[in-house]
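The values are calculated or read from the model by the stated rules, or taken from the named source; none is laboratory data. Quick caveat, the model's predicted, so the values are computed rather than measured. Note that we place each Cβ from the backbone using ideal geometry, even for glycine, and neighbour counts take in every protein chain shown.
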(Lines give C-alpha, C1' and ligand atoms only; values in the text may rest on other atoms or scores of the structure.)
Protein backbone atom coordinates (compact mmCIF):
# COMPACT_ATOMS: atom_id res chain seq x y z
CA UNK A 1 0.00 0.00 0.00
CA UNK A 2 2.97 2.30 0.45
CA UNK A 3 3.37 2.91 -3.30
CA UNK A 4 -0.32 3.64 -3.78
CA UNK A 5 -0.17 6.06 -0.88
CA UNK A 6 2.79 7.81 -2.49
CA UNK A 7 0.81 8.37 -5.67
CA UNK A 8 -2.15 9.70 -3.70
CA UNK A 9 0.12 12.05 -1.76
CA UNK A 10 1.61 13.35 -5.00
CA UNK A 11 -1.86 14.10 -6.32
CA UNK A 12 -2.78 15.79 -3.05
CA UNK A 13 0.32 17.98 -3.34
CA UNK A 14 -0.71 19.10 -6.80
CA UNK A 15 -4.22 19.80 -5.57
CA UNK A 16 -2.81 21.99 -2.80
CA UNK A 17 -0.63 23.89 -5.28
CA UNK A 18 -3.57 24.31 -7.67
CA UNK A 19 -5.71 25.74 -4.89
CA UNK A 20 -2.86 28.12 -4.13
CA UNK A 21 -2.86 29.28 -7.74
CA UNK A 22 -6.57 30.06 -7.50
CA UNK A 23 -6.08 31.92 -4.22
CA UNK A 24 -3.29 33.96 -5.83
CA UNK A 25 -5.54 34.70 -8.81
CA UNK A 26 -8.34 35.84 -6.52
CA UNK A 27 -6.03 38.46 -5.01
CA UNK A 28 -4.03 39.59 -8.04
CA UNK A 29 -6.52 38.87 -10.85
CA UNK A 30 -3.87 36.87 -12.71
CA UNK A 31 -1.79 33.76 -12.07
CA UNK A 32 1.78 34.17 -10.80
CA UNK A 33 4.43 34.90 -13.41
CA UNK A 34 7.04 32.21 -13.89
CA UNK A 35 9.84 34.30 -12.39
CA UNK A 36 9.87 37.32 -10.13
CA UNK A 37 11.38 40.06 -12.32
CA UNK A 38 14.03 42.18 -10.61
CA UNK A 39 16.24 44.60 -12.53
CA UNK A 40 19.69 43.18 -13.16
CA UNK A 41 18.86 39.59 -12.20
CA UNK A 42 18.90 36.97 -14.97
CA UNK A 43 15.98 34.56 -15.39
CA UNK A 44 17.78 31.55 -13.93
CA UNK A 45 18.74 33.58 -10.85
CA UNK A 46 15.27 35.00 -10.21
CA UNK A 47 12.92 33.66 -7.59
CA UNK A 48 10.34 31.33 -9.08
CA UNK A 49 6.56 31.24 -9.13
CA UNK A 50 6.78 28.52 -6.48
CA UNK A 51 8.45 30.95 -4.10
CA UNK A 52 5.89 33.59 -4.99
CA UNK A 53 3.06 31.15 -4.31
CA UNK A 54 4.10 30.32 -0.75
CA UNK A 55 1.84 32.88 1.00
CA UNK A 56 -1.18 31.31 -0.74
CA UNK A 57 -0.47 27.68 0.15
CA UNK A 58 -1.10 26.14 3.56
CA UNK A 59 1.87 26.48 5.92
CA UNK A 60 3.90 28.39 3.34
CA UNK A 61 3.49 31.91 4.65
CA UNK A 62 6.12 31.79 7.46
CA UNK A 63 8.77 30.68 4.95
CA UNK A 64 7.74 33.42 2.51
CA UNK A 65 8.33 36.01 5.21
CA UNK A 66 11.99 35.00 5.39
CA UNK A 67 12.71 35.50 1.68
CA UNK A 68 14.37 38.65 0.41
CA UNK A 69 12.34 39.35 -2.72
CA UNK A 70 14.82 41.88 -4.16
CA UNK A 71 17.68 39.36 -4.33
CA UNK A 72 18.57 36.34 -6.46
CA UNK A 73 17.16 33.04 -5.24
CA UNK A 74 20.64 31.68 -4.50
CA UNK A 75 22.02 34.85 -2.91
CA UNK A 76 23.61 34.65 0.52
CA UNK A 77 20.65 36.45 2.05
CA UNK A 78 18.23 33.84 0.71
CA UNK A 79 20.35 30.79 1.44
CA UNK A 80 18.39 29.86 4.56
CA UNK A 81 14.77 30.02 3.36
CA UNK A 82 15.36 28.60 -0.14
CA UNK A 83 17.14 25.59 1.34
CA UNK A 84 14.00 24.64 3.22
CA UNK A 85 12.15 21.38 2.72
CA UNK A 86 8.71 22.14 1.27
CA UNK A 87 6.80 18.83 1.32
CA UNK A 88 4.06 19.81 -1.13
CA UNK A 89 6.67 20.51 -3.82
CA UNK A 90 7.96 16.90 -3.67
CA UNK A 91 6.33 13.73 -5.00
CA UNK A 92 6.60 10.76 -2.64
CA UNK A 93 6.76 8.40 -5.65
CA UNK A 94 9.98 10.01 -6.91
CA UNK A 95 12.97 7.63 -6.63
CA UNK A 96 14.83 10.22 -4.57
CA UNK A 97 11.96 10.69 -2.13
CA UNK A 98 13.59 8.51 0.53
CA UNK A 99 16.50 10.96 0.77
CA UNK A 100 15.51 14.11 -1.13
CA UNK A 101 17.58 17.22 -1.42
CA UNK A 102 15.58 19.51 0.85
CA UNK A 103 15.10 22.37 -1.61
CA UNK A 104 14.02 20.30 -4.60
CA UNK A 105 10.76 20.23 -6.54
CA UNK A 106 9.37 17.45 -8.71
CA UNK A 107 6.76 19.67 -10.37
CA UNK A 108 7.13 22.26 -13.12
CA UNK A 109 4.90 24.99 -14.45
CA UNK A 110 4.06 24.43 -18.10
CA UNK A 111 5.19 27.22 -20.42
CA UNK A 112 3.66 25.84 -23.62
CA UNK A 113 5.32 24.63 -26.80
CA UNK A 114 8.99 24.91 -27.71
CA UNK A 115 12.21 25.86 -26.00
CA UNK A 116 11.23 29.55 -26.13
CA UNK A 117 7.71 28.99 -24.78
CA UNK A 118 8.33 30.96 -21.60
CA UNK A 119 8.92 34.20 -23.52
CA UNK A 120 5.88 34.00 -25.81
CA UNK A 121 3.03 36.49 -25.58
CA UNK A 122 -0.32 35.58 -24.03
CA UNK A 123 -2.08 35.29 -27.38
CA UNK A 124 0.57 33.15 -29.05
CA UNK A 125 -0.86 29.71 -29.91
CA UNK A 126 2.16 28.07 -28.28
CA UNK A 127 1.95 29.92 -24.96
CA UNK A 128 1.14 28.06 -21.75
CA UNK A 129 0.10 29.04 -18.25
CA UNK A 130 3.59 30.04 -17.08
CA UNK A 131 5.92 32.49 -18.82
CA UNK A 132 8.89 34.26 -17.33
CA UNK A 133 7.00 37.57 -17.23
CA UNK A 134 3.59 36.49 -18.56
CA UNK A 135 0.54 37.41 -16.49
CA UNK A 136 -2.20 34.94 -17.37
CA UNK A 137 -5.82 35.57 -16.42
CA UNK A 138 -8.10 32.57 -16.03
CA UNK A 139 -11.04 33.67 -18.13
CA UNK A 140 -9.48 36.24 -20.43
CA UNK A 141 -6.31 34.39 -21.43
CA UNK A 142 -7.01 30.67 -21.05
CA UNK A 143 -9.17 30.59 -24.15
CA UNK A 144 -8.94 26.83 -24.59
CA UNK A 145 -10.72 26.36 -21.24
CA UNK A 146 -9.28 25.81 -17.78
CA UNK A 147 -10.54 22.21 -17.61
CA UNK A 148 -8.38 21.19 -20.59
CA UNK A 149 -5.27 23.25 -19.83
CA UNK A 150 -2.41 21.78 -17.79
CA UNK A 151 -0.77 24.23 -15.42
CA UNK A 152 1.67 21.90 -13.63
CA UNK A 153 3.19 18.56 -14.55
CA UNK A 154 5.43 16.23 -12.56
CA UNK A 155 8.87 15.24 -13.78
CA UNK A 156 11.98 13.26 -12.90
CA UNK A 157 14.11 15.16 -15.42
CA UNK A 158 16.42 18.04 -14.48
CA UNK A 159 14.89 18.46 -11.04
CA UNK A 160 16.08 21.60 -9.31
CA UNK A 161 15.30 23.99 -6.50
CA UNK A 162 11.71 25.12 -5.97
CA UNK A 163 12.92 28.70 -5.56
CA UNK A 164 14.89 28.78 -8.82
CA UNK A 165 13.66 30.53 -11.93
CA UNK A 166 14.10 28.91 -15.32
CA UNK A 167 14.22 25.20 -16.17
CA UNK A 168 13.74 23.76 -12.65
CA UNK A 169 10.27 25.36 -12.36
CA UNK A 170 9.13 26.50 -15.84
CA UNK A 171 9.35 24.42 -19.04
CA UNK A 172 7.83 24.09 -22.47
CA UNK A 173 7.39 20.85 -24.40
CA UNK A 174 10.29 20.09 -26.73
CA UNK A 175 8.68 19.79 -30.15
CA UNK A 176 11.43 17.43 -31.31
CA UNK A 177 10.30 14.78 -28.84
CA UNK A 178 7.78 12.14 -29.91
CA UNK A 179 7.22 10.60 -26.47
CA UNK A 180 6.79 12.81 -23.43
CA UNK A 181 5.76 10.47 -20.60
CA UNK A 182 7.95 7.46 -19.87
CA UNK A 183 10.87 6.39 -17.69
CA UNK A 184 13.71 8.60 -18.80
CA UNK A 185 11.43 10.99 -20.69
CA UNK A 186 10.84 14.66 -19.97
CA UNK A 187 7.84 13.94 -17.75
CA UNK A 188 6.36 11.22 -15.60
CA UNK A 189 7.67 8.53 -13.30
CA UNK A 190 6.82 5.01 -12.23
CA UNK A 191 3.93 5.12 -9.77
CA UNK A 192 3.74 1.68 -8.26
CA UNK A 193 0.37 0.25 -7.31
CA UNK A 194 -0.18 -2.77 -5.10
CA UNK A 195 -2.37 -5.13 -7.07
CA UNK A 196 -2.48 -8.88 -7.49
CA UNK A 197 -0.58 -8.56 -10.78
CA UNK A 198 1.88 -6.00 -9.37
CA UNK A 199 1.49 -3.48 -12.18
CA UNK A 200 3.79 -0.48 -12.10
CA UNK A 201 2.53 2.12 -14.56
CA UNK A 202 4.50 5.13 -15.65
CA UNK A 203 2.42 8.30 -15.60
CA UNK A 204 2.63 12.02 -14.97
CA UNK A 205 0.25 13.60 -12.50
CA UNK A 206 -0.98 16.97 -13.73
CA UNK A 207 -2.77 19.91 -12.16
CA UNK A 208 -5.14 21.61 -14.57
CA UNK A 209 -5.95 25.28 -14.52
CA UNK A 210 -9.43 24.60 -13.11
CA UNK A 211 -7.87 22.99 -10.02
CA UNK A 212 -8.47 19.36 -10.94
CA UNK A 213 -5.68 16.78 -10.84
CA UNK A 214 -5.45 13.98 -13.40
CA UNK A 215 -2.96 11.29 -14.33
CA UNK A 216 -1.46 11.57 -17.80
CA UNK A 217 -0.63 8.04 -19.03
CA UNK A 218 2.55 6.97 -20.81
CA UNK A 219 0.60 6.28 -23.99
CA UNK A 220 -0.68 9.84 -24.31
CA UNK A 221 -0.40 10.98 -27.91
CA UNK A 222 2.12 13.80 -28.35
CA UNK A 223 -0.48 15.94 -30.13
CA UNK A 224 -2.84 15.58 -27.18
CA UNK A 225 -0.28 16.67 -24.59
CA UNK A 226 0.77 19.57 -26.79
CA UNK A 227 -2.82 20.72 -26.99
CA UNK A 228 -3.24 20.42 -23.23
CA UNK A 229 -0.28 22.65 -22.32
CA UNK A 230 -1.35 25.69 -24.35
CA UNK A 231 -3.81 28.37 -23.24
CA UNK A 232 -4.90 29.66 -26.64
CA UNK A 233 -3.97 26.98 -29.14
CA UNK A 234 -7.61 26.59 -30.17
CA UNK A 235 -7.16 22.81 -30.28
CA UNK A 236 -10.08 20.46 -29.72
CA UNK A 237 -8.87 17.89 -27.21
CA UNK A 238 -10.37 15.03 -25.25
CA UNK A 239 -9.38 13.90 -21.75
CA UNK A 240 -10.49 10.37 -22.54
CA UNK A 241 -6.99 8.87 -22.44
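Here are some notes:
- Meets criteria (at pLDDT 95 or above, farther than 19 Å from residue 169 by Cα and assigned to a helix (DSSP H, G or I)) for residue 5: no
- Filter result (surrounded by fewer than 24 Cβ atoms within 10 Å (Cβ to Cβ) and either over 16 Å from the mean Cα position of the chain (by Cα) or within 18 Å of residue 177 (Cβ to Cβ) (or both)) within the stretch 104-126: 113, 114, 115, 116, 119, 120, 121, 122, 123, 124, 125, 126
- Matching option when the condition is more than 27 Å from residue 24 (Cα to Cα), at pLDDT 95 or above and buried (at least 24 other Cβ atoms within 10 Å of the Cβ), among 129, 181: 181
- Residue 14 meets the conditions (1) buried (at least 22 other Cβ atoms within 10 Å of the Cβ); (2) more than 20 Å from the chain's Cα centre (by Cα) in every case but one. The failed one is (2).
- Single residue of the stretch 122-152 satisfying the filter (outside any loop (DSSP other than H, G, I, E, B) and touching a helix residue (DSSP H, G or I) at 6+ places or on another chain (Cβ under 9 Å)) that is nearest to residue 205 (Cα to Cα): 152
To keep it simple, each residue is scored yes or no on (1) surrounded by fewer than 14 Cβ atoms within 10 Å (Cβ to Cβ); (2) on the phi < 0 side of the Ramachandran plot; (3) more than 14 Å from the chain's Cα centre (by Cα).
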{"residue": "37", "(1), (2), (3)": "yes, yes, yes"}
{"residue": "46", "(1), (2), (3)": "no, yes, yes"}
{"residue": "50", "(1), (2), (3)": "no, yes, no"}
{"residue": "58", "(1), (2), (3)": "yes, yes, yes"}
{"residue": "69", "(1), (2), (3)": "yes, yes, yes"}
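- Residue 158 within 18 Å of residue 20 (Cα to Cα) and without any contact (Cβ under 8 Å) to a residue 24 or more places away in the chain: no
- Applying a threshold of 7 Å to beta carbon distances and a minimum spacing of six or more residues, or different chains, the list of pairs starting in the stretch 213-236 at a residue that is on the phi < 0 side of the Ramachandran plot and in contact (Cβ under 8 Å) with a residue 12 or more places away in the chain and ending at one that is loosely packed, with under 14 Cβ neighbours inside 10 Å and part of a strand (DSSP E or B) is empty.
- Subset tally (residues that are crowded, with 20+ Cβ neighbours inside 10 Å, within 16 Å of the chain's Cα centre (by Cα) and over 21 Å from residue 179 (Cα atoms)) for the stretch 133-159: 2
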